[in-house]
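What follows is a set of notes on a single structure, which appears directly below.
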Amino acid sequence: MVQGGLVQGTTVPGAKVWVDGRKVRVSPQGMFLVGFGRDASQRVKLAITYPNGKKEHRVLSIKKRKYKIQRINGLPPRKVNPHKRDLARIQEDARLAKAARMLDAPRTDFEDGFIWPVMGKITGVYGSQRILNGEPRRPHFGVDIAEAIGTPVKAPAGGVITLAHPNMFFSGATLILDHGHGLSSTFLHLNKILVKKGDRIAQGDFIAELGKSGRATGPHLDWRMNLFTQRIDPQLLVSPMSAN
């Protein structure tokens, strides 16, 4: 249990679960997910009501992390300081992405675990503070994997495509894959999208080509994960790159 982490819990089938006062989905088998964002509190409250009416409360202790600082130069100035005419497009991109990540489907595609969507050099990590063209910006919420343009991108787990956008302002060609229970993967800066919204995907299916669209200085895949609004560190869910 660490900032950026994801925990899969199991309780009695039919039980109800709340995390910090928010009710979470419990599968018919009693499975549920708890996610901890980049700056999550070190104490998270878990409440359970069992089918017989009995209640249980627990406090989860979340380990605090230290994050790197990453400086990136050479970005187009407009991608760091957008023009006023870009703002409506940026806001619409954010709205579409948020809506795609809010699906609360009963599927449990995450149950089979995760694989790397592409193999390559890791050039950016979750949580790092970004300094873009010398200006402080929001932290990075994914893992960057550098490889050649056109490298196939695989689905890290099964799910359903909830967003397939050809050209967002910051993230370029963007894909979101929902794994169930509000857990989703986002793939940014793609060269080509090979699937469409609504497609049912299996783990390992080729879904896109790696690229450098949007705000990028070179070809790479930015893989992000969300549990609804909580930003999850994808690297915590896969084996080390060197082990693959």
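The values are calculated or read from the model by the stated rules, or taken from the named source; none is laboratory data. Nothing here was measured: the structure is a model prediction, and the numbers come from that model. Note that each Cβ is placed from the backbone with ideal geometry, even for glycine, and that neighbours are counted across all protein chains shown. With ligands, DNA and RNA removed, areas are computed over all heavy atoms of the protein, side chains included. Shrake-Rupley method; radii C 1.70, N 1.55, O 1.52, S 1.80 Å.
Go through Lys212, Lys196, Lys192 for me and flag whichever is touching a His at 6+ places or on another chain (Cβ under 9 Å), open to solvent by 40 Å² or more (accessible area, probe 1.4 Å) and not small (Gly, Ala, Ser).
Matching residue, one of Lys212, Lys196, Lys192: Lys212.
What tally of residues in region 120-161 results from selecting those that are of a type in the set (A, V, I, L, M, F, W, C), under 22 Å from Lys68 (Cα atoms) and either open to solvent by 30 Å² or more (accessible area, probe 1.4 Å) or in a strand (DSSP E or B) (or both)?
Within region 120-161, residues that are of a type in the set (A, V, I, L, M, F, W, C), under 22 Å from Lys68 (Cα atoms) and either open to solvent by 30 Å² or more (accessible area, probe 1.4 Å) or in a strand (DSSP E or B) (or both) number 7.
Could you tell me which of the residues Leu46, Leu96, Leu103, Leu87 is in contact with an Asp or Glu (Cβ under 9 Å, 6 or more places away or on another chain) and open to solvent by 40 Å² or more (accessible area, probe 1.4 Å)?
None of the other options fit; the residue is Leu103.
Restricting to region 49-80, give me the number of residues that are surrounded by 13 or more Cβ atoms within 10 Å (Cβ to Cβ) and without any contact (Cβ under 8 Å) to a residue 40 or more places away in the chain.
So the answer is 2.
Which count do you get for residues in region 206-244 that are in a loop (DSSP other than H, G, I, E, B), more than 24 Å from Val80 (Cα to Cα) and more than 18 Å from the chain's Cα centre (by Cα)?
The qualifying residues number 1.
Output the residues belonging to region 81-94 that are in a helix (DSSP H, G or I) and free of Cβ contacts under 8 Å to residues at least 60 places away in the same chain.
Residues satisfying the conditions are Lys84, Arg85, Leu87, Ala88, Gln91, Glu92, Ala94.
Restricting the search to region 162-192, which residues are among the aromatic types (Phe, Trp, Tyr), under 11 Å from the mean Cα position of the chain (by Cα) and not in a strand (DSSP E or B)?
none
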